[in-house]
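In what follows, a single structure is set out as structure tokens and then discussed.
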Amino acid sequence: MTMTPTIDTDKVRSQMLDWYDRHGRDLPWRAKGNTKPDPYHVWLSEVMCQQTTIPAVIPYFLKFISKWPTIHDLAAAEQEDVMHEWAGLGYYARARNLHKCAKLVSYELNGRFPQSAKELQKLPGIGEYTAAAIAAIVYDEPAPVIDGNVERVAARLYAFEGALPAAKTELKHIARKLYEGNDIRPGDLAQAHMDLGAMICTPTSPKCPLCPVQSQCHGYETGIAPELPKKEAKKAKPRRYGHFYWITNDDGAILFERRDEHRMMGGMLALPTTDWDLRKETCDLPLASVQKLSGNCVVKHSFTHFDLELQGYRAEFTPEDPRFVWVDSDSLEALGLPSLFKKAVKLMI
């Protein structure tokens, strides 16, 4: 393991908490004044914020708590409704696990979340980071809350030059030093780290002159802070191909399918598609006829691990499988389609 310089972690924590008290973000799920954090709000926000920016999450969070004010309300909701309201946030397995978790907490735990990170990790959709964040923020457990923001702060404080992702385990070990031995306001400390990384110690052009822990930062002292954490060169994303189908009936309604939960965007309504693999010349659906659209009707979309290209076809098909539903064209905007299929519909209208 790489030798890391020594910093005064007690001083760093004190400086960060002082800064947080003055400059911490006002977020709708954070407790204000002397009020205690709402476990439901903290859990919901942490799940939504996984791989999604806070500005994108805020309107979804407000919509969810308006429609489902308590975890019992969310548990009683139909999964289709939850998926519909989630549409646009992406990573749809989060929404399925959110609903599963709500039902488990509501029906089996009387609406009470476990109070330790270890027990929280046993719930659907709650991993190490989310469990630590909930335990620290809601229950004041001194759990190490380590996300990308905290890793970046730690890399710069300790001038850690290992390249990610290969050195991620080592960096997480170093980041834990910022929490070890601390039992002073663990929830606020976790949120101070989040805010420092989001507002000051940003991925590019960090605002070092405004940083409350600048005097302790070895990355700043050596002039390499903006370069950290280092990252290995990204590999080119693979490209997948497939077809999507635009199918209408005599009344002008459009055919959609409810995607199987084991597929990407599982549980969501979408235009029928083939599997996404190598370019295909035949379709996987038992269509009576397929007619390629004139012109270059192609939908392109980028996911985290691959790029997708779907060729559009007009087709005829009379479904018997209950996963297929006809939707009136006037109701398209209310469907809550994933972004990929919003693009496809826009091409076809």
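Brief remarks follow.
- Of the residues L104, L157, the single one that is within 19 Å of G197 (Cα to Cα) and modelled with pLDDT of 95 or more is L157.
- Test for I146: is it assigned to a helix (DSSP H, G or I), crowded, with 20+ Cβ neighbours inside 10 Å and out of contact with any Pro (no Cβ under 9 Å at 6 or more places or on another chain): no
- Residue in region 204-213 that is of a type in the set (S, T, Y), surrounded by fewer than 19 Cβ atoms within 10 Å (Cβ to Cβ) and either in contact (Cβ under 8 Å) with a residue 24 or more places away in the chain or closer than 30 Å to Q311 by Cα (or both) present: no
- Pairs where the first residue, in region 54-74, is in contact (Cβ under 8 Å) with a residue 60 or more places away in the chain and outside the structural domain of C101 (by TED's automatic domain parsing) and the second is part of a loop (DSSP other than H, G, I, E, B) and surrounded by 13 or more Cβ atoms within 10 Å (Cβ to Cβ), C-beta under 9 Å, 6+ apart: none
- Among residues of region 180-190, those that are outside any helix (DSSP H, G or I) and either at positive phi or buried (at least 23 other Cβ atoms within 10 Å of the Cβ) (or both), counted: 2
- Candidates in region 159-173 are the residues that are more than 23 Å from the chain's Cα centre (by Cα) and in a loop (DSSP other than H, G, I, E, B); of these, the one that is surrounded by the most Cβ atoms within 10 Å (Cβ to Cβ) is F160.
Yes/no per residue for (1) touching a Phe, Trp or Tyr at 6+ places or on another chain (Cβ under 8 Å); (2) buried (at least 19 other Cβ atoms within 10 Å of the Cβ); (3) in a helix (DSSP H, G or I); (4) in the same structural domain as L310 (by TED's automatic domain parsing):
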{"position": "A192", "(1), (2), (3), (4)": "yes, yes, yes, no"}
{"position": "P226", "(1), (2), (3), (4)": "no, no, yes, no"}
{"position": "H243", "(1), (2), (3), (4)": "yes, yes, no, yes"}
{"position": "F256", "(1), (2), (3), (4)": "yes, yes, no, yes"}
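- Members of region 97-113 that are surrounded by fewer than 20 Cβ atoms within 10 Å (Cβ to Cβ) and touching a Phe, Trp or Tyr at 6+ places or on another chain (Cβ under 9 Å): G111
Rundown of residues vs (1) closer than 30 Å to L171 by Cα; (2) at pLDDT below 95, yes/no style:
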position	(1), (2)
P209	yes, no
K235	yes, yes
N249	no, yes
M268	no, yes
W276	no, yes
L285	no, yes
S294	no, yes
C297	no, yes
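- Filtered residue count, region 62-119, keeping only those that are among the aromatic types (F, W, Y), in contact with a helix residue (DSSP H, G or I) (Cβ under 9 Å, 6 or more places away or on another chain) and part of a loop (DSSP other than H, G, I, E, B): 3
The values are calculated or read from the model by the stated rules, or taken from the named source; none is laboratory data. Since the model is a prediction, treat every value here as computed from it, not as a measurement. Note: ideal-geometry Cβ built from the backbone for every residue, glycine included; neighbour counts use all protein chains shown.
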